[in-house]
Amino acid sequence: MATIECRGVSFQNIEAVIFDKDGTLEDTADFLRNLGQKRARMIDAQIPGVGEPLLMAYGIEGDELDPAGLMAVGSRRENEIASAAYVAETGRGWLESLEIVSRAFEEANRPLKNNAPCPLFTGTTELLKILSDGGLKLGILSADTTENVLKFVSYYQLESYIQLQMGVDGGVSKPDPSLFLAACRTLAVSPQSALMVGDSPVDIQMARNAQAAGCIAICRKKSAHSHLKDADVIISQLNEISIVS
């Protein structure tokens, strides 16, 4: 067990640290914004007039991606359902709306299947090594698919540090605490000895509801902290996390 400290806040008797991926370890903001814009364009091509409302629903405004918005924190299935609701408002049946959205998402995603993961944030590998060398069990719990989590870990050769590679593949998504509890079972630790590190309110709520040891929120935009107010501590860089004992 170890004591983790950041910005004067200490978490004692910690056995594991579980990380979100997108926006926490991987710099996906531009990728997600571009993908959301492409999805909206493709749906709008079939259902004229829904493109702009979809962008708002995704949390995309111009060149900005809302870190608490649907595109940033929702699973693919949640994005599909939300998009289909806008299509259904135009008078289409629900199944037809889902099919329209599913085809648009597939078309938008197809050119990206062989793309490399987005860049790591500065200090990611260094922090994972420090924590792993300190005897902590490490995992990734992402709203992305498990396939993409595995691809990310493999591409950046993080297998020696990451013992849990978990995504959302349908069914429940964040902030359902059952995900965090399942992650802890895989790592063979109690939730009370595991920390969550993430960049969104769903990470915080999930950890809270699972009775985690605590939640460290990361926000790299100094003026945009309000959506993370329920975290135990908010940091701006991963290197602010350290083992003190």
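The values are calculated or read from the model by the stated rules, or taken from the named source; none is laboratory data. Note that the structure is predicted; figures quoted are calculated from it, not measured. Methodologically, a virtual Cβ is constructed for each residue, glycine included, from the backbone with ideal geometry; neighbour enumeration extends over all protein chains shown.
Tabulated data
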quantity	calculated
Cross-chain or 6+ apart pairs with Cβ under 8 Å, segment 24-41 first and closer than 16 Å to LEU238 by Cα, then among the aliphatic types (A, V, I, L, M) and surrounded by fewer than 22 Cβ atoms within 10 Å (Cβ to Cβ)	LEU25/LEU120; GLU26/LEU120; ASP27/LEU120
Residues within segment 187-204 that are free of Cβ contacts under 8 Å to residues at least 60 places away in the same chain and surrounded by 17 or more Cβ atoms within 10 Å (Cβ to Cβ), tallied	2
Failed criterion for THR122 (all others in (1) more than 29 Å from GLN211 (Cα to Cα); (2) outside the structural domain of MET206 (by TED's automatic domain parsing) hold)	(2)
Residue match in segment 167-184 (condition: assigned by TED's automatic domain parsing to the domain that holds VAL9, out of contact with any helix residue (DSSP H, G or I) (no Cβ under 7 Å at 6 or more places or on another chain) and closer than 21 Å to ALA2 by Cα)	yes
Extreme residue, surrounded by the most Cβ atoms within 10 Å (Cβ to Cβ), among residues of segment 125-149 that are assigned to a helix (DSSP H, G or I) and of a type in the set (D, E, K, R)	LYS129
Pick from segment 155-183, criterion hydroxyl-bearing (Ser, Thr, Tyr) and more than 28 Å from SER102 (Cα to Cα), ranking: farthest from the chain's Cα centre (by Cα)	SER160
The one condition in (1) outside any helix (DSSP H, G or I); (2) in contact with a Leu (Cβ under 9 Å, 6 or more places away or on another chain); (3) at pLDDT 95 or above; (4) surrounded by fewer than 16 Cβ atoms within 10 Å (Cβ to Cβ) that THR122 fails to fulfil	(3)
Check on VAL189, modelled with pLDDT of 95 or more and in a helix (DSSP H, G or I)	no
Yes/no for ASP169 being crowded, with 17+ Cβ neighbours inside 10 Å, at pLDDT below 95, part of a loop (DSSP other than H, G, I, E, B) and of a type in the set (Asp, Glu)	no
Filter result for ILE130 (touching a Lys or Arg at 6+ places or on another chain (Cβ under 7 Å), over 16 Å from GLY170 (Cα atoms) and not acidic (Asp, Glu))	no
Among the candidates GLU99, GLU107, residue that is at pLDDT 95 or above and either in a loop (DSSP other than H, G, I, E, B) or farther than 30 Å from LEU181 by Cβ (or both)	GLU99
Selected residue (criterion: surrounded by the most Cβ atoms within 10 Å (Cβ to Cβ)) from residues of segment 212-245 that are among the polar types (S, T, N, Q) and free of Cβ contacts under 8 Å to residues at least 24 places away in the same chain	SER236
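Each row is one residue, and each column tells you yes or no for (1) crowded, with 16+ Cβ neighbours inside 10 Å; (2) in the same structural domain as GLN165 (by TED's automatic domain parsing); (3) among the small types (Gly, Ala, Ser); (4) farther than 26 Å from TYR156 by Cα.
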{"site": "ASP20", "(1), (2), (3), (4)": "yes, yes, no, no"}
{"site": "ASN34", "(1), (2), (3), (4)": "no, no, no, no"}
{"site": "ILE43", "(1), (2), (3), (4)": "yes, no, no, yes"}
{"site": "GLN46", "(1), (2), (3), (4)": "no, no, no, yes"}
{"site": "GLU52", "(1), (2), (3), (4)": "no, no, no, yes"}
{"site": "MET56", "(1), (2), (3), (4)": "no, no, no, yes"}
